[in-house]
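Everything below concerns the one structure shown next.
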């Protein structure tokens, strides 16, 4: 089997409108298509980063909470590459988003930090 790339990442949120605002207004992803699936009482929002399809944001009635942060089984976190971590941190803090202290990857010597999405999914910003 030959893989080409990651096609998308699926995220289930507990409050669709809050998460939609977070991913589009705070992180700046663009909406490709929004679909309401009445039979499932569910929204599916396709989001892009720099024109590339990246995230499917889903809502479902009463999804279970994430068991722990960040070491629960399954997806640990999302990581976005950024050019200037200081600019990203300043922008997030202006929006009253808590940003963890900046750390340095001991293997690559690159700087990174984390925030959490509205459902406490860790989001990493990793400096290029």
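Each value in this text was obtained by applying a stated rule to the coordinates, not by laboratory testing. Here the structure is a predicted model, which is why all the values come from computation and not from measurement. Virtual Cβ from ideal backbone geometry, glycine too; neighbours counted across all protein chains shown.
Projected onto its three principal axes, the C-alpha set of the range 1-63 covers 36, 30, 18 Å, listed from the longest axis down.
Summed over all non-identical Cα pairs, the Kirkwood treatment of the range 76-128 gives a radius of 11.2 Å. Scoring 48-55, 10-17 by mean Cβ neighbours within 10 Å over their residues and listing the highest first yields 10-17, 48-55. With a Förster radius of 30 Å applied to the beta-carbon distance between residue 103 and residue 42, the computed FRET efficiency rounds to 0.25. Computed from Cα atoms, the angle from the helix 85-94 axis to the main principal axis of the chain rounds to 60 degrees. Helical runs assigned H by DSSP (4 residues or longer) give the chain a calculated mean residue ellipticity at 222 nm of -3500 deg cm²/dmol, each run adding -39500 (n - 2.57) before division by the residue total. In plain terms, the bigger the Kirkwood radius, the slower the diffusion; for the chain, with that radius from Cα pairs, at 37 °C and 0.692 mPa s, Stokes-Einstein puts D at 207 µm²/s. Counting only DSSP beta bridges with both residues in the chain, what percent are antiparallel, rounded to the nearest 5? Bridges in the chain that DSSP calls antiparallel: roughly 65 percent.
Per-residue extension of 0.36 nm, minus the Cα-Cα distance of residue 60 and residue 17, leaves a gain of 14.2 nm for this segment. Label-to-label distance for residue 90 and residue 2 is 4.5 nm, based on points extended 7 Å past Cα in the beta-carbon direction.
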